Each structure stands twice: as C-alpha cells, then as structure tokens.
Amino acid sequence: MDILSNGRFDLGLGQGYSHYEFETFNIPRKERGPRLRESIKLVNRLFTEDKVSFEGQFTTVNNATLSPKPVQKPHPPLWIGARAPKAIENAARMGYHLMCTIGPDPAPLYIQTLKEEGRNPDDFNIAQLRMVYCAETEDQAWEDAQDHLFHLMDFYQDILSEANDAEGDDRPLPFDNPEDIRHSAFADVGMIGTPDQVAEKMETFCQNFKCTHFIMGTQFPGLDPAKGTRSLELFAREVMPHFKNR
C-alpha cells in the first residue's frame, strides 16, 4: 500500500478486545499486550532489514524477508489503537501515534506519558472517532440514524462490557430503545443533527479534546448507502467550511 500510494500509507495496529475473537483462535486474552509489542518489534525489523531471524515468546522466523520495502523510511508511520490505560501508556512509551474511540478521552494520559518519556507531544498525532450524521432537519437525522446506531451500540456494549478495558465499560447503555438515544448522554457525544447543530458540536469538541486527525463514523450498520452519501455531501458542503482554517 505504501508503494501504491507513493508513501502516503499509515499502519494502524491494536491489541484487540473482543472475547469472541480470542476464543475462536484459542489465544488467552491476557497475552494480547505482549503479543502486540512483540509483533511490532518483528514488523519494524522486517521493514528495515533484508533478512530477519527472530525468536520471540510467540513468534519465530528464520531469514524472513519483506520485499519490496516501503517508500517511507525507515517505515510508514505507526498508530496504536488504545482504550485501556496500560495500552495508552505503552503506545506513548513505544513512540507511536494514538488512535482513540468513543469513551474516556485517552489523550491526557498519552500526552503525560510522552512527556515522562522525554518526547515532545507536538511530534505525535492523536486521532479521535465520533459518530456523525447530517440531515436537513434534526428529526430527519435521528429518524435516519437511530435504529442503526442502536444496533451498533448494543453490539459493542456486549463486547466492551465483558472486556471492561476503560472506565464505564461495564455500565449499561444510557438508553433502552432507539428512540431514546437522542435524549440520552450519547446525544452529547454523537454529532447527529442539522449541519448547524453538527458544526456546533464539532466546535465544542475542538475546544475540549486534543485531536490532530478526526475520524468520522458515518455509514452505520444497515443504513442505506444513499442516505450515508447524502449526509456526507451535506457535511462537506455546510459543515467543513467552518473548520477550513483549523
């Protein structure tokens, strides 16, 4: 991908969290952190060395070669997706960019750990994820999105509550049905509404969160792709100009 994009590829990695996936592959979830760190060491060597022999706790290779090499030297930028405090600290200690998701903001701990490691936080990127959907009216936006958001949140609640990686993961959802979402605490986090409402929520977000890369979750499970496209077009036309010079 780095070659096809002429050096514009970033590699995102994460240790995983779904108990279903670990059970399927018969891997103890307690090994996920050590496995990720060991894998990163191996990947970095494959990016930068011609022949790699490596004997780790989980992986062994002899005279392995990665060819062709990436355009970016020594390798494409690496991002770590993290929600648990220990994973956030490890991302900073290893010197990689941070990908965040919905939940407690990991950026303060990440920045603090970078400083403790003697690194300049200005040299690192933080990506934040939010659910975004625009429509001509607030009622239309929620009518389009609420059923699909409910399915999404209900699915992840089962996984996240079992993993319990971040503060609050074990709490029940703050709504019982799709119609209640717009009146719940989630409505303050989800950027759902008219372009003006979404722009206002984005402005509040910019004031309260450290973010260099904004990730939009827009095509919710089961949502008609035509509606998702219209939402993106509305966002591009009426919301993005407000933030052009940020």
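The values are calculated or read from the model by the stated rules, or taken from the named source; none is laboratory data. Please read these numbers as outputs of a predicted model, since none were measured by experiment. Virtual Cβ from ideal backbone geometry, glycine too; neighbours counted across all protein chains shown.
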- Query: Would you pick out the residues in segment 124-152 that are surrounded by 20 or more Cβ atoms within 10 Å (Cβ to Cβ) and closer than 30 Å to PRO77 by Cα?
  - Reply: ILE126, GLN128, ARG130, VAL132, TYR133
- Is one or more of the residues making up segment 88-98 among the hydrophobic types (A, V, I, L, M, F, W, C), under 21 Å from ASP123 (Cβ atoms) and at pLDDT 95 or above? yes
- In segment 4-104, which strands (runs of 3 or more DSSP E) lie fully inside it and hold 1 or more residues that are over 24 Å from the mean Cα position of the chain (by Cα) and either assigned by TED's automatic domain parsing to the domain that holds GLU116 or within 22 Å of ARG119 (Cα to Cα) (or both)? 52-55, 60-64
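To keep it simple, each residue is scored yes or no on (1) at pLDDT 95 or above; (2) closer than 29 Å to LYS210 by Cβ.
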position: ALA107; (1), (2): no, yes
position: GLU116; (1), (2): yes, yes
position: ASP123; (1), (2): yes, yes
position: CYS134; (1), (2): yes, yes
position: HIS151; (1), (2): no, no
- Query: In segment 208-245, what residues are in a loop (DSSP other than H, G, I, E, B) and either surrounded by 15 or more Cβ atoms within 10 Å (Cβ to Cβ) or under 21 Å from the mean Cα position of the chain (by Cα) (or both)?
  - Reply: PHE209, LYS210, CYS211, THR212, THR218, GLN219, PHE220, PRO221, GLY222, LEU223, VAL239
- Task: Could you tell me whether segment 44-60 includes any residue that is among the aliphatic types (A, V, I, L, M), at pLDDT below 95 and more than 19 Å from ASP123 (Cβ to Cβ)?
- Result: no
- Taking into account only those residues within segment 64-85 that are more than 13 Å from PRO108 (Cα to Cα) and of a type in the set (D, E, K, R), which is surrounded by the fewest Cβ atoms within 10 Å (Cβ to Cβ)? LYS73
- Selected residue (criterion: surrounded by the most Cβ atoms within 10 Å (Cβ to Cβ)) from residues of segment 1-40 that are more than 20 Å from LEU98 (Cβ to Cβ) and either among the small types (Gly, Ala, Ser) or in contact with a strand residue (DSSP E or B) (Cβ under 6 Å, 6 or more places away or on another chain) (or both): SER18
- Task: Please verify whether segment 170-189 includes one or more residues that are surrounded by 12 or more Cβ atoms within 10 Å (Cβ to Cβ), touching a residue at least 40 places away in the same chain (Cβ under 8 Å) and not in a helix (DSSP H, G or I).
- Result: no
- Message: So in segment 190-207, with the set limited to residues that are among the β-branched types (Val, Ile, Thr) and not in a helix (DSSP H, G or I), which one is surrounded by the most Cβ atoms within 10 Å (Cβ to Cβ)?
- Response: ILE192
